[in-house]
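Only the coordinates and a few stated rules stand behind these numbers; no lab work does. All values derive from a computational prediction rather than experimental measurement. Cβ atoms come from the backbone with ideal geometry, glycine included; neighbour counts cover every protein chain shown.
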Amino acid sequence: METNGNKVEKTVNVAKEKISQNLSGVAEKVHRGSDTAKDVLSDKTEKVEDYIREKTYVAGDLTNQTVERASKLGHKAADALSKSSEYIENFDYRDTKKAVSETIKDKPQIMLVAAGIFGFLLGILVGRRK
């Protein structure tokens, strides 16, 4: 015959066994969930890294193109300034004055038209200010 002490001990042992089994099952599920979460996060991290790498490459390429364009434009501007400098250096106002005087003597109608256009444009500009 079982005594109350034996029954309690048996019940406690059965409860301990069930709790142990349940905890083992939960632990297994947590391990599987952790592995799954690790795999998902690892995959997402790789995708983010690839995306960032691609965008960084594109941004770097655009930056290089912009620098290259700026350099070309800078060289064009320097060439234009150099040509302007040469023109001003070689400009002889006496020759230009002489050429304009000859043109006025040879073709006075061109100068009359030019003076008329200049006067017209000056009149428009002065008229707008009022």
Original post:
Going by the structure shown, is Gly127 out of contact with any Ser or Thr (no Cβ under 8 Å at 6 or more places or on another chain) and surrounded by 10 or more Cβ atoms within 10 Å (Cβ to Cβ)?
Top reply: no
**OP:** Taking only region 57-97 into account, find how many residues are polar (S, T, N, Q) and more than 35 Å from the chain's Cα centre (by Cα).
**Re:** 4
